[in-house]
Each structure stands twice: as C-alpha cells, then as structure tokens.
Amino acid sequence: MTPPLIHLAEAQKSAPVTDWAARIGWVVGLLVFVVFVYWLMRQGWKWRGTLQGDLPELPATPDDTGEPELTLSGRYHGSTTAGQWLDRIVARGLGTRSRAELTLTDQGLDVVRPGAEDFFVPAAALRGARLDKGIAGKVLPEGGLLIVTWRHGDKEIDSGFRSDRAGEHPAWVEAIDRLSTTQQGTTEPSTTEHHTSTTEHTETEGAR
C-alpha cells in the first residue's frame with residue numbers, strides 16, 4: 001500500500017455511535033423531576049390554602065358604587081399579608097394572577113378579573129396605597145407595582161396591581177390615600193364620642 005493510501009486509511013474513522021438509550025433515560029429522568037417539582041408546588045399551594053381557610057368570603061360589588069373617580073386596566077399580581085411581600089395569600093382566589101379592571105369610587109375599589117373571582121374593597125376597609133417593586137414572588141422595576149393595602153376580617157392585605165400605563169400609578173396612590181384618610185376621619189369621631197359617653201356614665205355611677 002502506497003504511503004498516501006496508508007495516511008488516508010489512518011484518517012478514516014468510524015462515526016461515533018449515538019447512545020439513544022442513555023439520551024432517552026436522561027429525558028425521562030428530567031420529565032419525572034419536572035413533574036415532581038410541579039406536584040410539590042401544588043401540594044404547597046393546597047396546604048397554604050387550608051391554613052388560610054378562615055379568611056372570610058370576599059365582598060361582592062354593591063348595586064350602586066357611585067361615580068367612578070379613576071379606572072385602570074392592567075394585571076393583578078397577587079396578594080400577601082400586609083408588609084410581608086412573600087407571604088402569599090391563596091384563599092378565596094386571591095392567589096390567581098390575572099388581567100384586572102379597577103374602578104375607584106367613593107364607595108370603594110371594584111376589582112373585575114376575567115377568568116378569576118372578582119372582589120370589592122369597601123372604602124372603610126382601605127388602609128392606603130404605595131408604589132413598590134415586588135409582591136408574591138413577582139419583581140418589577142422600582143415603582144412598577146401599585147400596592148393597595150386593605151383590611152378583610154382580622155387580616156390586613158397587600159394586593160399588587162400593574163397598570164398597562166404605569167404612569168397612572170401615582171394618581172391612584174394619592175386617590176386611595178385620600179379616600180382611606182377620609183373614611184378614618186369619619187369613623188374616629190363616633191369612636192371618641194362613644195368613649196366620652198362611657199367615661200361620663202362611669203363617673204356618674206361613681207358619684208352615686
């Protein structure tokens with residue numbers, strides 16, 4: 001065999017044989033792992049929902065909500081215990097992210113969610129609003145979230161929304177803060193009056 005043919009023979013090598021059994025094994029293993037993680041997430045979701053089972057039913061929108069002061073189209077990103085942005089609330093459908101249509105009136109905040117449960121926050125339950133960047137595991141640029149704080153039952157809740165036009169957020173913070181302050185101011189005199197009346201009654205009884 002001539003030298004050129006020898007070099008040609010040495011250069012020729014058989015193509016590597018694909019180990020299909022190993023590849024299929026890796027793919028199956030990966031799928032099993034993904035399914036297992038998904039199952040764990042669902043179990044955690046159910047467990048959290050069970051723990052929050054004492055959360056009352058969400059208020060329904062009243063027949064007459066008054067004239068709209070502000071409206072907003074955007075997304076609902078979830079709710080947490082107030083001040084704890086990772087303590088997600090999943091009971092009563094509050095854990096479901098969705099599109100949202102918000103309407104603010106002097107009666108409160110109406111939240112319409114296509115494909116999820118609507119809810120209404122009475123004006124007396126509003127505790128204020130702020131701009132933030134994260135809630136329930138969702139992180140956005142600074143000021144990208146409108147956080148509305150409200151009271152439901154014995155729990156204070158932070159609910160996060162993002163408008164399709166983020167420039168609307170400051171106006172919403174101002175309007176909700178104003179409405180919640182007005183409501184608090186309306187209820188305080190009656191509380192003070194009741195306390196004064198009770199004190200006077202006690203003093204009268206003591207004099208007798």
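The values are calculated or read from the model by the stated rules, or taken from the named source; none is laboratory data. The structure presented is a predicted model; accordingly, all values stated were derived computationally and were not measured. Virtual Cβ from ideal backbone geometry, glycine too; neighbours counted across all protein chains shown.
Residues checked against (1) part of a helix (DSSP H, G or I); (2) touching a residue at least 60 places away in the same chain (Cβ under 8 Å); (3) farther than 24 Å from G66 by Cα:
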| residue | (1), (2), (3) |
| --- | --- |
| E101 | no, no, no |
| G115 | no, no, yes |
| V121 | no, yes, no |
| F161 | no, yes, no |
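Of the candidates A125, A175, A129, the single residue that is surrounded by 14 or more Cβ atoms within 10 Å (Cβ to Cβ), of a type in the set (A, V, I, L, M), at pLDDT 90 or above and within 15 Å of the chain's Cα centre (by Cα) is A129. Residue pairs whose Cβ atoms lie under 7 Å apart, separated by 6 or more positions or on different chains, with the first residue in the range 143-159 and touching a residue at least 40 places away in the same chain (Cβ under 8 Å) and the second acidic (D, E) and part of a strand (DSSP E or B), are L145/D132; T149/E156; T149/D158. Screening D110, D118, D177 for residues that are touching a strand residue (DSSP E or B) at 6+ places or on another chain (Cβ under 6 Å) and more than 20 Å from P59 (Cβ to Cβ) leaves exactly one candidate, D177.
The number of residues in the range 68-99 that are within 23 Å of D154 (Cα to Cα), out of contact with any helix residue (DSSP H, G or I) (no Cβ under 8 Å at 6 or more places or on another chain) and outside any loop (DSSP other than H, G, I, E, B) comes to 8.
Only a single criterion out of (1) at pLDDT below 95; (2) in contact with a Ser or Thr (Cβ under 9 Å, 6 or more places away or on another chain); (3) more than 23 Å from Q183 (Cα to Cα) is not satisfied by D164, namely (1). Scan the range 33-56 for residues that are within 29 Å of G144 (Cα to Cα) and either at pLDDT 80 or above or outside any helix (DSSP H, G or I) (or both) and the total you get is 2.
Taken as a whole, the structure places W26 among residues that are out of contact with any Cys (no Cβ under 6 Å at 6 or more places or on another chain), modelled with pLDDT of 70 or more and either in a helix (DSSP H, G or I) or of a type in the set (A, V, I, L, M) (or both).
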